[in-house]
Amino acid sequence: MLKNFGESLRSAFRKIANAPFIDRDLIKEVVRDIQRALIAGDVNVKLVLEMSKRIEKRALEEKPLPGMSNREHVLKILHEELASILGQGRELPLKKQRIMMVGLYGQGKTTTCGKLARFFQKKGMKVALIAADVHRPAAYEQLKQIAEKINVPVYGGDSDAEKVVKEGLDKFARYDVVIIDTAGRHALEDDLIKEMKKIAKIAHPDEKILVIDASIGQQAGKQARAFNDAIGITGVILTKMDGTAKGGGALSAVAETGSPILYIGTGEHIDDLEKFDAIRFLSRLLGMGDLQTLIEKAEEAAKGKEKKIEETAKKMLSGKFTLLDMYEQMELLSGMGPFQKIADLLPLGGKLKDEDVYETQKKLKKFRIIMDSMTKKELENPNIIKSSHIKRIARGAGVETRDVKELLRHYNMSKKLMKSFSNKKMQKKLMKQFGLKM
Ligand SMILES: Nc1nc2c(ncn2[C@@H]2O[C@H](COP(=O)(O)OP(=O)(O)OP(=O)(O)O)[C@@H](O)[C@H]2O)c(=O)[nH]1
Ligand SMILES: [Mg+2]
């Protein structure tokens, strides 16, 4: 049994990327690797065989597009075929509807209720929540707290789930979107199924959404099947995609149930919900770093600053990097939410894991003050800063020398990260991969 689904897929891709040339034998070998990875990942065997036949046929018969190497052509086919299992995803329609959230214990149901409420609210719809998790005493309180932040009403507090749902639906009859949070369990037990069925019967939900923690990996397939058999799932939301999990289980979950992935959760914050995009998801799964998301985020988050962001992105890719660039980057990134989230999308993101993400904004303030007492030369070329300079800078800024040293450390670390982009081959590959122009 292969330990890590994402890793085995990645190694299959690497084989192609590193092979001196692409021939029939290599294609067959890679297809076999992928078959093994998918089957070990609990993906339906029939589906795997069909897909691998298609990959092999296309890779051997189709001609590469003009300007594309044979190698890139085969990678593209692999990508497309894997993406076709995941489907194109689906967004929830913007119409009057009832949504029921289900899933095992701690997968992120309640948090995701809030995120969805926020999502519809931002589209100008009237949203309400029903707390039908009557088993955990704090569940109602938790939902209430989330709802208060976004000014959305919640109905709950009673210990009878059916009653809560019935009364809540009456109360919120005139709302556009009503989202029902339900209880989790450690495993799919009979009483959970019974209760879920009862709630579904009363609520007639338009959507029955299974919430799955991306880190549960291959159990996702089995879980999805069980929930689908019990109440019929209409979509999956994959949470905690911001963590170490790459979400390989999603492939199995989707393949098992045929229900699409709707969104992915990328953090604990209420706005951390993203549209699911199969190709992008695979890039992340395969560890290529998702530059497209990074750049889109940058564009979205800083309207009016587009040019600057583009320049920064280009600088990041060019490997040139001064203290001012670092500051600018930190500023941009911190405006977009926790630094870590963006860092995760970068190929070297994992290396920044230990950084305390929320410190970034605080540090920015201090860094600004320190940088203000540096000379232009020092800002452009921090390598010239010697310990006598450090003392002078610290005095000028009214900080300790260790603060200045910290800034320089931070710079060197960022620079190292940026260096990963200065590798021309890597750059070209990434640019091509994501259809960007320099
Ligand atoms: N990092 C991260 N954490 C998340 C995400 N979604 C949920 N969480 C966290 O996961 C934990 C559990 O989330 P809940 O929403 O309470 O999960 P639940 O499924 O409602 O749990 P039960 O009601 O106890 O079954 C909380 O600490 C959340 O903050 C996500 O996308 N990213
Ligand atoms: Mg909950």
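When the surface is traced with a 1.4 Å probe over the full set of protein chains, Lys391 keeps roughly 120 Å² accessible. Shown are Tyr105, Tyr155, whose ranking by accessible area with a 1.4 Å probe and every protein chain present, most to least, is Tyr105, Tyr155.
Length gain on complete extension for the stretch Arg185 to Ser84, per 0.36 nm per residue less the alpha carbon to alpha carbon distance? Please report the intermediate quantities before stating the final value.
On the way: separation 101, 0.36 × 101 = 36.36 nm, distance 3.20 nm.
Going from the current span to full extension adds 33.2 nm.
Potential lengthening of the chain between Arg409 and Lys376 amounts to 10.0 nm, from the contour at 0.36 nm per residue minus the alpha-carbon distance. Measuring between alpha carbons in the structure, the pairs from Lys240/Lys416; Lys115/Lys240; Lys96/Lys126; Lys166/Lys197; Lys95/Lys123; Lys144/Lys198 lying more than 18 angstrom apart are Lys240/Lys416; Lys144/Lys198. At q = 0.13, 0.14, 0.22, 0.24 Å⁻¹, what base-10 log of I(q)/I(0) does the Debye formula yield for the range 68-157 when every alpha carbon is treated as an equal point scatterer in vacuo? Values, matching the q order: -0.58, -0.62, -1.08, -1.22.
Counting only heavy atoms of the protein chains and using a 1.4 Å probe, His79 has close to 20 Å² of accessible surface. Close amide H partners of Val211, meaning residues 5 or more places away or on another chain with modelled amide H under 5 Å apart, are Val102, Gly103, Ile237.
The value obtained for the range 97-276, namely the Cα convex hull volume divided by the number of residues, is 98 Å³ per residue. Under a 5 Å amide H cut-off, with hydrogens placed 1.01 Å from N, Ile130 pairs with Tyr155, Ile179, Ile180, Asp181 among residues at least 5 apart or on other chains. Ligands, DNA and RNA aside, Arg280 has an accessible area near 50 Å² when probed at 1.4 Å.
The values are calculated or read from the model by the stated rules, or taken from the named source; none is laboratory data. As the structure is a computational prediction, the values presented were derived from the model and not from experiment. Remember, those area values only see protein heavy atoms, side chains included, never the ligands or the DNA or RNA. Shrake-Rupley method; radii C 1.70, N 1.55, O 1.52, S 1.80 Å.
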